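Below: the structure, in structure tokens.
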Amino acid sequence: MTHSDFSGSRLLSPLAEPVQVSWQSPSNIALVKYWGKTGQQLPLNPSLSMTLSEAYTETILSALPRETEGPVELGFWFEGLPHASFGNRMTKFLETVTEIFPWLQQVNLKLETHNTFPHSAGIASSASAFSALALCLCSLDAVLCGILLDEDEFRFKASYIARLGSGSACRSVYPGFTVWGAARAVPGFSDLAAVPVTEVHRDFKSLKDTIIIVSRNEKPVSSSDGHKRMKGHPFAEARIKQAVNNTAELLEAIKTGDKQTFIRIVENEAFTLHALMMTSEDGFMLMQPETVRIISRIQELRKETGLDICFTLDAGPNIHLLYFADQSEQVRKLIVEELLKNNEQNLRIDDYCGSGPVKIT
Ligand code: PMV
């Protein structure tokens, strides 16, 4: 399958009336990490994520009548205000998908978006933003050109489009757990778009994620720069093998409800991501002293209390603490009394395994 398999249609006559669609789409947290890319936003290794619930982007995309055809014309509004730099990124992205949505050059576009979570809080806003936009584009395509797809095809196409904007965004178009990347050990997965994990043990369906904010400062190295440093990384080959194995093992753990394997792999993946950053040629570190303190405390508390808790990290210093619904009361107590104690930010976001994007009518 290539880009041209998704090639779409032009409008047969100019648009007479504005048409508007809207989606809300959540962020996701990777449990097996995507790190390093190749080709056009293809992943070096497979990844597996959990779609969140409370942390989402709400996007309204409007197609407006336009007199002459030409390059993409976008008005971009973030949290109710025009935003030039986000708008430029979105315009560039839309220019890469005009072969799939040729009508993008026949209408004026207005994109209005807002997030339910604060900026730089350790939640991937590009994942929720690009998945919401991709879903809006596929819905507008249906309205403007009568492109009718069944539910699976619609999601796969939206995931493919979201990937072109931000790799991890392709996983956010599905509820629950999602895999992106041709995990060689497990058939049925693709580098082009994510697919949902269908076999999930009941304990994992209500998995909780409390994000403990350590810092809200801008990261010294962005994810896109980080991905580039996997080129020629001395451990790249071993990493790809490890991610393939971890994906297969984690899928089995999620299916059977094996919490100990889950904890082992999730923490191994978080440490690996940050180790890859530190050991790249132009090495860098995103963890902070407070990150290390909290991680160490989580590991100690697991031993001391026997609770099934573990941490993961995104490309930043903030901590995602994962735990199960039946232990959530005890874990929340520990978060307040132990993990947030003396923490300067004293800020957390309680989220959980979500039911996926919602179309707003
Ligand atoms: O989607 P990007 O390009 O922002 O990269 C995301 C990379 C990680 O968040 C570190 C891992 C992942 O799989 O989400």
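The values are calculated or read from the model by the stated rules, or taken from the named source; none is laboratory data. If you're wondering where the values come from, they're calculated on a predicted model, not measured in any experiment. Don't worry about glycine lacking a Cβ; one is built from the backbone with ideal geometry, like all the others, and counts go over all protein chains shown. Note: areas computed on protein heavy atoms with side chains; ligands, DNA, RNA excluded. Shrake-Rupley method; radii C 1.70, N 1.55, O 1.52, S 1.80 Å.
Assorted remarks:
- Taking the C-alpha atoms of region 3-197, convex hull volume expressed per residue in Å³: 117 Å³
- Pairwise FRET efficiency - ARG297 versus ALA238, Cβ, R0 = 30 Å, nearest 0.05: 0.50
- Hydrodynamic radius by Kirkwood, which averages 1/r over all alpha carbon pairs of region 202-352, in angstrom: 16.4 Å
- Comparing Cα centroids, region 71-139 and region 215-255 end up 26 angstrom apart.
- Sorting PHE154, PHE262 by accessible area puts them as PHE154, PHE262; the probe is 1.4 Å, largest comes first, and only protein heavy atoms count.
- The H on the amide N of LEU347, modeled in the peptide plane, is under 5 Å from the matching H of ILE213, each at least 5 residues off or on a different chain.
- The alpha carbon radius of gyration of region 29-92, expressed as a multiple of 2.2 N^0.38 Å, is 1.58.
- For PHE117, the residues 5 or more places off, or on other chains, whose built amide H falls under 5 Å of its own are TYR56.
- Across the chain, the volume of the C-alpha convex hull divided among the residues equals 136 Å³ per residue.
- On the basis of the beta-carbon distance and an R0 of 51 Å, PHE271 and THR91 show a calculated FRET efficiency of 0.85.
- Virtual spin-label span in nm between LEU42 and GLU54, 7 Å along Cα→Cβ: 3.9 nm
- Judged by the gyration tensor of its Cα atoms, with axes a ≥ b ≥ c, region 241-325 is oblate; a/c meets the 1.5 cut and b/c is at least as large as a/b.
- Taking only the C-alpha atoms of region 90-233, the Rg (one decimal) and the largest Cα-Cα distance, Dmax (whole number), read 17.0, 49 Å.
- Shown in residue order for region 310-315 are the 3J(HN,Hα) couplings computed by the Karplus curve 6.51 cos²θ - 1.76 cosθ + 1.60 at θ = phi - 60°: 8, 10, 9, 10, 8, 7 Hz (x for Gly and Pro).
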